[in-house]
Every structure is written in C-alpha cells, then in structure tokens.
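Below you'll find the structure, written out as structure tokens, and then a few comments.
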Amino acid sequence: NTGTHAENLARWRLRGGVDFDFDASHEIPPGGVLVVVGFDPENDPVRAFAFRDMYGIDATIPLVGPWDDGPLDNLSSRVRLQRPDLPPPGQPGFYPQVTEDEVVYLDQAPWPEAADGDGDSLQRLGPDRFGPLATSWTAASPTPGALRLDYPFFQALAFGPDATAGRGRFEDFDRDGLTNLFEYALGLDPTTPDAPLQPMASIVDGNLTLTYARNTLVTDLTYHVEISTNLIDWTPVEAPVISSANFIEQRRVTIPRINENELFLRLVLSL
C-alpha cells in the first residue's frame with residue numbers, strides 16, 4: 001500500500017487504483033491475454049523473468065508496464081477500463097473517456113475476504129458477470145496471464161450477456177445440426193450455419209482418416225477419437241497435431257488398411 005486509506009480513496013476516484021494508457025502496440029487477438037505490471041518489463045528483463053517464473057507465464061503472453069499510482073489498495077479500490085470517445089463539437093483535441101467496465105471492491109463481506117492481502121487474488125467468475133457486484137468475484141490463487149475459456153465464457157462472447165434463447169450447451173442456435181457445445185469445442189461459430197466444417201471421416205490413399213479442429217483455449221472439455229468394428233466396442237486412437245494457428249489445432253487420425261469389412265471412427269467430447 002502507498003499512503004493512507006483516505007489518500008488512496010481520493011486517488012482512485014480520479015481514474016482508478018492504478019493508471020496505464022494502452023496504445024496501438026498493445027493489440028491482442030480474440031481470446032488473448034495481456035498482463036499489466038508495476039515495472040518496465042522491457043528495461044528490467046531480470047525482474048520480468050522472475051515474474052514469469054513465479055506465475056508460470058510463458059513468453060507468448062506479453063507483459064506491459066509500468067502502471068502509475070499503484071499498487072492497488074488491499075482495503076478497497078477501483079479498477080476501471082476506459083476508451084476514448086469522439087471529440088465533442090468545438091473541442092477537436094478533447095477525447096472524453098467512456099467507461100467500458102469497472103469494479104469498486106472492498107475487503108469485507110459480501111466481498112471475498114480471502115483476497116485481503118493474504119496471498120489470494122480477486123478473480124472475476126465470468127465475463128458476463130456484472131463488475132460492480134460482489135457476487136461476480138471470488139478469491140483464488142493468482143493466475144496472471146492464464147488463458148481461460150470455458151463454455152459460460154464462450155457463451156457470453158458468442159451470444160452476448162443478454163441473449164437467452166437457444167444458447168445452452170446442447171441447443172443449436174444457428175440450426176445447422178451442430179450443438180453449441182460441439183461448435184465451441186471445434187472453434188466454430190454457433191451463430192452462423194457452418195455444419196460443412198464439422199469433422200468427417202474419409203478414405204485417403206486407401207486409409208481411413210478423420211481430421212478435426214481442437215480449440216486449444218478450451219479448459220472444460222477433453223477430446224479423444226475412438227475406433228470400432230461393430231459400434232459396440234470402442235478403442236482410443238492417437239490424433240497427432242498436423243497444424244496449429246490462432247489457438248486452433250488441426251488433428252488427424254489415420255487408420256491403415258486392415259482386413260475388416262467395416263470400420264467406424266468417432267470423436268468424443270467429455271465435459
């Protein structure tokens with residue numbers, strides 16, 4: 001903490017508990033992660049390495065900083081995300097700041113008290129949770145830089161926080177024959193008919209193959225392919241990665257020609 005509690009309250013009423021100005025160099029892809037730290041990672045590589053090592057953050061996750069006015073107060077503070085709006089008439093150089101999201105947290109119930117400086121961090125339960133509500137947050141071990149994608153997160157990204165009808169796991173919002181969960185797992189768009197992109201078994205050079213996409217950001221599903229000759233007994237088979245880009249892996253199973261009249265492959269997704 002820096003300063004008294006009253007001084008910190010006065011400071012974060014202006015912009016927030018910490019200040020950092022994002023620019024064009026801080027662009028991240030959809031589903032990407034960027035970590036803002038209290039030091040300059042470019043000019044302090046030793047500290048940056050130690051920070052990555054402590055929290056298990058690999059080199060693909062950008063660190064940017066330093067922030068100003070921090071660190072955040074353990075007692076209470078504000079975290080606010082703002083964007084510049086268009087200049088008003090007659091003021092071409094003035095860009096008013098519009099608040100996109102914010103939270104004003106406390107260190108007492110109903111807020112998670114375990115995040116009050118004892119090691120746990122305050123973590124949002126999902127992107128569709130309203131930031132100012134205490135029920136939208138929990139206390140857990142710090143995980144800066146962690147890529148997280150589960151179905152509720154995907155659901156909010158794909159359909160928006162207010163959509164309700166047709167967005168459940170086993171519903172088919174775009175009516176293309178694929179459930180929303182299946183499209184989530186394969187990196188498809190549940191709002192646009194794209195059934196032709198689903199994995200299909202085929203014969204290549206006389207071998208039975210199955211190629212499918214796996215969304216590497218997914219954290220709540222397991223994927224495996226199984227083979228059968230009778231649709232009763234199933235045996236897992238390996239599905240090596242053949243390409244990877246933008247968090248989507250292409251995996252392919254190839255079954256050499258064997259003396260069977262019928263062979264079946266299936267992709268199994270397990271919650």
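What number goes with the only condition from (1) outside any strand (DSSP E or B); (2) open to solvent by less than 50 Å² (accessible area, probe 1.4 Å) that L86 does not pass?
Checking L86 against (1) outside any strand (DSSP E or B); (2) open to solvent by less than 50 Å² (accessible area, probe 1.4 Å), the one that fails is (2).
Output the number of the condition that V204 fails; it satisfies all remaining conditions of (1) surrounded by fewer than 16 Cβ atoms within 10 Å (Cβ to Cβ); (2) within 30 Å of Q108 (Cα to Cα).
(2)
Residues of the stretch 173-201 being open to solvent by 50 Å² or more (accessible area, probe 1.4 Å) and of a type in the set (G, A, S), which ones?
Across the stretch 173-201, the qualifying residues are G177, A201.
Hey, among Y105, Y95, which residue is in contact with a Leu (Cβ under 8 Å, 6 or more places away or on another chain), of a type in the set (S, T, Y) and open to solvent by 80 Å² or more (accessible area, probe 1.4 Å)?
Within the list Y105, Y95, the selection yields Y95.
Of G131, G145, which residue is surrounded by 13 or more Cβ atoms within 10 Å (Cβ to Cβ), in a loop (DSSP other than H, G, I, E, B), at pLDDT below 90 and on the phi < 0 side of the Ramachandran plot?
Only one candidate qualifies: G131.
Wholly within the stretch 155-271, which strands (runs of 3 or more DSSP E) include no fewer than the required count, namely at least 2 residues that are of a type in the set (V, I, T) and either modelled with pLDDT of 80 or more or closer than 26 Å to P29 by Cα (or both)?
Passing ranges, in order: 201-204, 207-215, 222-228, 235-237, 241-245, 248-255.
Provide a single number: the residues in the stretch 38-83 that are open to solvent by 60 Å² or more (accessible area, probe 1.4 Å), outside any loop (DSSP other than H, G, I, E, B) and among the aliphatic types (A, V, I, L, M).
Adding up the residues that qualify gives 4.
Starting from the stretch 177-188, keep only residues that are in contact (Cβ under 8 Å) with a residue 24 or more places away in the chain, then list their pairs with residues that are among the small types (G, A, S) and surrounded by fewer than 21 Cβ atoms within 10 Å (Cβ to Cβ) whose Cβ atoms are within a distance under 6 Å, requiring at least 6 positions of separation or different chains.
Matching pairs, first to second residue: L186/A213; G187/A213.
Name the residue that is farthest from the chain's Cα centre (by Cα), counting only residues in the stretch 9-62 that are at pLDDT below 90 and of a type in the set (V, I, T).
V18
Only one of (1) open to solvent by less than 60 Å² (accessible area, probe 1.4 Å); (2) over 23 Å from A185 (Cα atoms) fails for T229. Which number is that?
Only one criterion in (1) open to solvent by less than 60 Å² (accessible area, probe 1.4 Å); (2) over 23 Å from A185 (Cα atoms) is unmet by T229, namely (1).
The values are calculated or read from the model by the stated rules, or taken from the named source; none is laboratory data. The structure displayed is predicted, hence computed values, not measured ones. Quick reminder, even Gly has a Cβ in these numbers, built from the backbone with ideal geometry, and neighbours come from all protein chains shown. Ligands, DNA and RNA are stripped out before the accessible areas are found, and what is left, the full protein with its side chains, is counted by its heavy atoms. Shrake-Rupley method; radii C 1.70, N 1.55, O 1.52, S 1.80 Å.
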